[in-house]
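Here the structure is laid out as structure tokens; the discussion comes afterwards.
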Amino acid sequence: MPAVAVIMGSKSDEPKVRPCVQILEDLGIDCLFCVSSAHRTPERTERIVREAEAAGCRVFICAAGMAAHLAGAVAARTIRPVIGIPITASSLAGMDALFSTVQMPSGFPVATVALDGAGAKNAAWLAAQILAIADDSLAKKLQAKREAMREEVENATLGE
């Protein structure tokens, strides 16, 4: 079983969540990438969490818009880290999803990242950092990526 499960509340969220999966894959981290809704398919969500955890999944990433209860529903069913990506999907410009994701009751934390694609990328980086605590090879990959980012900024030039 992959070390990370990435669960989206709707298939329509895929373009905003795909950058998360791409970063995980670039780092050599296997992930489950699936759709399940806290509201429309609660039994499926529970089964995915139960089966993934039993198979060794160590981090869950959940992306959802509007009421955005997916990350909280997953956090209620596991003690593994859960990272929430709020998705812009309503006239409230994602603020509904952000507040729903970040406002978890005590004892059921969800690490919440930014909205949409930027948040999806940071969810992948955060999951990788969590996994790197017990994986020196992954930690070295992360250090190398950070170094490449630093070099990119240092070598950037503006119009001459």
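Taking the stretch 81-113, which residues are part of a loop (DSSP other than H, G, I, E, B) and surrounded by 17 or more Cβ atoms within 10 Å (Cβ to Cβ)?
Residues of the stretch 81-113 part of a loop (DSSP other than H, G, I, E, B): 81, 88-94, 103-110, 113.
Within the stretch 81-113, 81, 88, 89, 94, 104, 110, 113 meet the criteria.
Can you tell me which of 128, 120, 134 is under 30 Å from residue 71 (Cβ atoms), open to solvent by 60 Å² or more (accessible area, probe 1.4 Å) and among the small types (Gly, Ala, Ser)? Please lay out each step first, then the result.
On the way: 128 fails: open to solvent by 60 Å² or more (accessible area, probe 1.4 Å); 120 fails: open to solvent by 60 Å² or more (accessible area, probe 1.4 Å).
Selected residue: 134, the only one of 128, 120, 134 that is under 30 Å from residue 71 (Cβ atoms), open to solvent by 60 Å² or more (accessible area, probe 1.4 Å) and among the small types (Gly, Ala, Ser).
Any chance you could count how many residues in the stretch 116-160 are of a type outside the set (S, T, N, Q) and in a loop (DSSP other than H, G, I, E, B)?
Going residue by residue through the stretch 116-160, those that are of a type outside the set (S, T, N, Q) are 116-121, 123-128, 130-136, 138-142, 144-154, 156, 158-160.
Of the ones still in play, those that are also in a loop (DSSP other than H, G, I, E, B) are 133-135, 156, 158-160.
Qualifying residue count, the stretch 116-160: 7.
Just to check your reading of the model, which residue among 63, 68, 38 is open to solvent by 20 Å² or more (accessible area, probe 1.4 Å), closer than 28 Å to residue 93 by Cα and either in contact (Cβ under 8 Å) with a residue 24 or more places away in the chain or assigned to a loop (DSSP other than H, G, I, E, B) (or both)? I'd like the intermediate steps shown before the answer.
Numbers: 63 fails: open to solvent by 20 Å² or more (accessible area, probe 1.4 Å); 68 fails: open to solvent by 20 Å² or more (accessible area, probe 1.4 Å).
None of the other options fit; the residue is 38.
If we scan the stretch 146-157, do we find a residue that is hydroxyl-bearing (Ser, Thr, Tyr) and open to solvent by 100 Å² or more (accessible area, probe 1.4 Å)? Even if it seems obvious, please write down each step before you answer.
Kept after step one, since they are hydroxyl-bearing (Ser, Thr, Tyr), are these residues of the stretch 146-157: 157.
This time we only want the ones that are open to solvent by 100 Å² or more (accessible area, probe 1.4 Å), so: 157.
Checked against the condition, which is being hydroxyl-bearing (Ser, Thr, Tyr) and open to solvent by 100 Å² or more (accessible area, probe 1.4 Å), the stretch 146-157 yields at least one hit.
Which number in (1) farther than 17 Å from residue 128 by Cβ; (2) surrounded by fewer than 18 Cβ atoms within 10 Å (Cβ to Cβ) marks the one condition that residue 73 misses?
(2)
Could you run through the stretch 3-23 and say how many residues are part of a loop (DSSP other than H, G, I, E, B) and open to solvent by 30 Å² or more (accessible area, probe 1.4 Å)?
Of the residues in the stretch 3-23, the ones part of a loop (DSSP other than H, G, I, E, B) are 3, 9-10.
Filter once more, so that each one left must be open to solvent by 30 Å² or more (accessible area, probe 1.4 Å): 10.
Counting residues in the stretch 3-23 that are part of a loop (DSSP other than H, G, I, E, B) and open to solvent by 30 Å² or more (accessible area, probe 1.4 Å) gives 1.
If a residue has to be in a helix (DSSP H, G or I) and polar (S, T, N, Q) to count, how many in the stretch 41-60 make the cut? Step through it out loud before you land on a result.
We begin by selecting, within the stretch 41-60, every residue in a helix (DSSP H, G or I); these are 42-54.
Still in the running and polar (S, T, N, Q): 45.
So the count comes out to 1.
Return the residue satisfying two criteria in turn: it lies in the stretch 12-31 and is of a type outside the set (A, V, I, L, M) and in contact with a strand residue (DSSP E or B) (Cβ under 8 Å, 6 or more places away or on another chain), and of such residues it is farthest from residue 141 (Cα to Cα).
Start the filter on the stretch 12-31 by keeping residues that are of a type outside the set (A, V, I, L, M), which leaves 12-16, 18-20, 22, 25-26, 28, 30-31.
Keeping just the survivors that are in contact with a strand residue (DSSP E or B) (Cβ under 8 Å, 6 or more places away or on another chain) gives 13-14, 16, 20, 25, 30-31.
Numbers: 13: 28, 14: 26, 16: 24, 20: 16, 25: 12, 30: 15, 31: 17 Å.
That would be 13.
Any residue in the stretch 44-56 that is among the charged types (D, E, K, R) sitting within a Cβ distance under 7 Å of a residue that is open to solvent by less than 20 Å² (accessible area, probe 1.4 Å)? List the pairs, counting only those 6 or more apart or interchain.
44/36; 53/78
The rows are residues; the columns are (1) touching a residue at least 12 places away in the same chain (Cβ under 8 Å); (2) at negative phi.
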{"site": "73", "(1), (2)": "yes, yes"}
{"site": "91", "(1), (2)": "no, yes"}
{"site": "94", "(1), (2)": "yes, no"}
{"site": "131", "(1), (2)": "yes, yes"}
{"site": "138", "(1), (2)": "yes, yes"}
{"site": "145", "(1), (2)": "yes, yes"}
{"site": "157", "(1), (2)": "no, yes"}
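Name the residue that is nearest to the chain's Cα centre (by Cα), counting only residues in the stretch 24-35 that are farther than 17 Å from residue 119 by Cβ, of a type outside the set (Val, Ile, Thr) and open to solvent by less than 30 Å² (accessible area, probe 1.4 Å). Spell out the reasoning first.
From the stretch 24-35, those farther than 17 Å from residue 119 by Cβ are 25-30, 32, 34-35; that's our starting set.
So of that shortlist, the ones also of a type outside the set (Val, Ile, Thr) come out as 25-28, 30, 32, 34.
Going one step further and asking which of them are open to solvent by less than 30 Å² (accessible area, probe 1.4 Å), we end up with 27, 34.
On the way: 27: 15, 34: 12 Å.
The qualifying residue nearest to the chain's Cα centre (by Cα) is 34.
The values are calculated or read from the model by the stated rules, or taken from the named source; none is laboratory data. Being a predicted model, the structure only gives us computed values, none of them experimental. We place every Cβ from the backbone using ideal geometry, glycine too, and count neighbours over all the protein chains shown. We work out accessible area using only protein heavy atoms, side chains counted, and drop any ligands, DNA or RNA first. Shrake-Rupley method; radii C 1.70, N 1.55, O 1.52, S 1.80 Å.
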